[in-house]
1. With (1) out of contact with any Gly (no Cβ under 7 Å at 6 or more places or on another chain); (2) under 30 Å from Ala46 (Cα atoms) as the list, and Phe77 as the residue in question, which single condition is left unmet?
2. Return yes when Pro209 is closer than 18 Å to Asp122 by Cβ and either of a type outside the set (Val, Ile, Thr) or not assigned by TED's automatic domain parsing to the domain that holds Thr315 (or both) and no when it is not.
3. Does any residue of the stretch 531-538 turn out to be in contact with a helix residue (DSSP H, G or I) (Cβ under 7 Å, 6 or more places away or on another chain), in the same structural domain as Asp334 (by TED's automatic domain parsing), within 22 Å of Val345 (Cα to Cα) and surrounded by 18 or more Cβ atoms within 10 Å (Cβ to Cβ)?
4. Looking at Asp308, is it touching a residue at least 60 places away in the same chain (Cβ under 8 Å) and of a type in the set (Asp, Glu)?
5. Out of all the residues in the stretch 103-131, which are out of contact with any helix residue (DSSP H, G or I) (no Cβ under 7 Å at 6 or more places or on another chain), touching a residue at least 12 places away in the same chain (Cβ under 8 Å), assigned to a helix (DSSP H, G or I) and farther than 18 Å from Ile193 by Cβ?
6. Within the stretch 158-185, work out how many residues are closer than 18 Å to Ile129 by Cα and in a helix (DSSP H, G or I).
7. Report whether or not Gly22 is of a type outside the set (D, E, K, R), modelled with pLDDT under 95 and over 26 Å from Pro209 (Cβ atoms).
Amino acid sequence: MDDEKRPLTFIEQIVEDDLNSGHVKSIVTRFPPEPNGYLHIGHIKAICISFEIAKKYGGVCHLRMDDTNPDKEEGEFISQIQKDISWLGFSWGDKVYYASDYYQKMYEIAVNLIKEGLAYVDDLSAEEIKKYRGTLTEKGVESPSRNRSIEENLRLFEEMKDGKHPEGKYILRAKIDMASPNINMRDPAIYRIKFASHPRTENKWCIYPMYDFAHPIEDAIEGITHSLCTLEFEDHRPLYNWFCEHDGIECYPKQREFSRLNLTYTVMSKRFLREMVEKHYVDGWDDPRMPTISAARRRGYTPQSLRDFVKRVGTTKVEGTIDFSLLEFCVHEDLNKNANRYMAVLDPIKLIIDNYPEGESEIIETINNPEAETPTTRKITFSRELYIERDDFTETPIKGWHRMEIGKEVRLKSAYYVTTTSVDKDENGKITAIHATYDPLSKGGDTKDGRKVKGTIHWVDSKTAKDAEVRLYDKLFKEEHPGERTGNYLDDLNKDSLKVVNAKVEEALLNAKVDEPVQFMRMGYFVRDSRSNGLVFNRTVTLKDTWAKTKN
């Protein structure tokens, strides 16, 4: 459905109401990733919503790195996040910010909260704080530290900043309401001691703000009008608003939440993704089986297909899990229109055309993509000896078999009709070559007598074919909801998620470019691997979804 014709999403309606009422003059959104790992497919929804809302209403979208936890944050992740968002087709211009840009301002706001009696230094342990917080049905209990004097709180907080106390000795908490029905409002932590070198500020600070405290302040400083986030932050909205009311900044961003993007056969937890990388269950963050954006790119997914996927999923407040087949459908839709067709034989066996002149070859013209608006062609070579797929021949055909068998005629794609005559076998009875004859008057599938055949197979010329490594990727997990049965997602890893074969491919694929997916006729969509020096192709997606068959 065209954007002009579809109904407004609930977020678009909120934005339009705010503009029409004069609540805001212009729209400023933000996408605030934490640089502690690579972005994954779940993030694409948040990226698209924030950037496209800003674009639709003539506003801007900031890119802000939420670098408040130096333990797991790295410069590599910051760089990759920017690459991924740019690849998806979005631009933040010069509006790139970091939480660490505001550390001094956040510290000053925290000091002011202490002076106003709205924050205190607590020496309870993490376990004690959890115990004192209460439950959904029981009120919390005030910490003995809650009534420290303002002077003592200021002194202790300054000592925390100066590195005079070990990690875990003290934290700074907001003084809100330990009896609040919303647990997030029960004196949340806003600063903790952490002796870790920060990617940007290095060792300047040894206290770091908590996300719930830092995020609304960052939004207020930057003049964000609509802070769009996923539903797990809905219960945090009152706390977000509380900090906006007490930060002393004359800007009151509006937080609104939408449902997350969850996908079957996939885990979206950065902790799980990091574990798989660090324990070498996968070959890095961009392993084509991973759900990261960089992995999707390396596998051959296109920015257009991923944006289309998010659009089809929609923007709602209803949580759910999207079937992986919808993602594959969107990839199919895009690649079918835009990917050129080539011939590649993944399990090659020699086909010898006995009545073709020995030592000769010819040039055949074939269409690159019949689905293109303006189809183009390329030239391929044809000679006496070819390679075909081993399973395109059988000695024991079943009903409905339309490929090669002794005495049966099939069409070689863009070339001739051939009839199988015999096979060669080794001492173990394995077929080593297939023999056939060709009809020289059937080039391109046209015959004088007008006969047609039901079977068409692909092939490559043995004289010009190139050796290639082809990696056949499947889903990383064998269960729709990894870990649901056993409690451990690793139990559901698909051990057959990668199969490597040595293929024969047509010569034109030497010029295949990274980020330019192609179709191997009858075999699926593939892309040249971005991390390999040789001729290596990754399978993006099969032509048909075979997952349902293999799991039953």
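1. That leaves (1) as the condition not met.
2. Numbers: closer than 18 Å to Asp122 by Cβ: yes; either of a type outside the set (Val, Ile, Thr) or not assigned by TED's automatic domain parsing to the domain that holds Thr315 (or both): yes.
Yes: the conditions hold for Pro209.
3. Yes, because at least one residue in the stretch 531-538 is in contact with a helix residue (DSSP H, G or I) (Cβ under 7 Å, 6 or more places away or on another chain), in the same structural domain as Asp334 (by TED's automatic domain parsing), within 22 Å of Val345 (Cα to Cα) and surrounded by 18 or more Cβ atoms within 10 Å (Cβ to Cβ).
4. Values: touching a residue at least 60 places away in the same chain (Cβ under 8 Å): no; of a type in the set (Asp, Glu): yes.
For Asp308, the condition - touching a residue at least 60 places away in the same chain (Cβ under 8 Å) and of a type in the set (Asp, Glu) - is not met.
5. Passing the criteria: only Asn112.
6. Pass one, the stretch 158-185, residues closer than 18 Å to Ile129 by Cα: 166-185.
This time we only want the ones that are in a helix (DSSP H, G or I), so: 183-185.
Qualifying residue count, the stretch 158-185: 3.
7. Values: of a type outside the set (D, E, K, R): yes; modelled with pLDDT under 95: yes; over 26 Å from Pro209 (Cβ atoms): yes.
So Gly22 passes the test.
Here is a yes/no grid of residues against (1) assigned to a loop (DSSP other than H, G, I, E, B); (2) within 19 Å of the chain's Cα centre (by Cα); (3) farther than 30 Å from Gly89 by Cα:
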position	(1), (2), (3)
Lys463	yes, no, yes
Val470	no, no, no
Glu484	yes, no, yes
Lys495	yes, no, yes
Asn502	no, no, yes
Ala508	no, no, no
Lys513	yes, no, no
Arg522	yes, no, yes
Val527	no, yes, no
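The values are calculated or read from the model by the stated rules, or taken from the named source; none is laboratory data. Since we're looking at a predicted model, the values are computed, not measured. All Cβ positions, glycine included, derive from the backbone under ideal geometry; neighbour counts span all protein chains shown.
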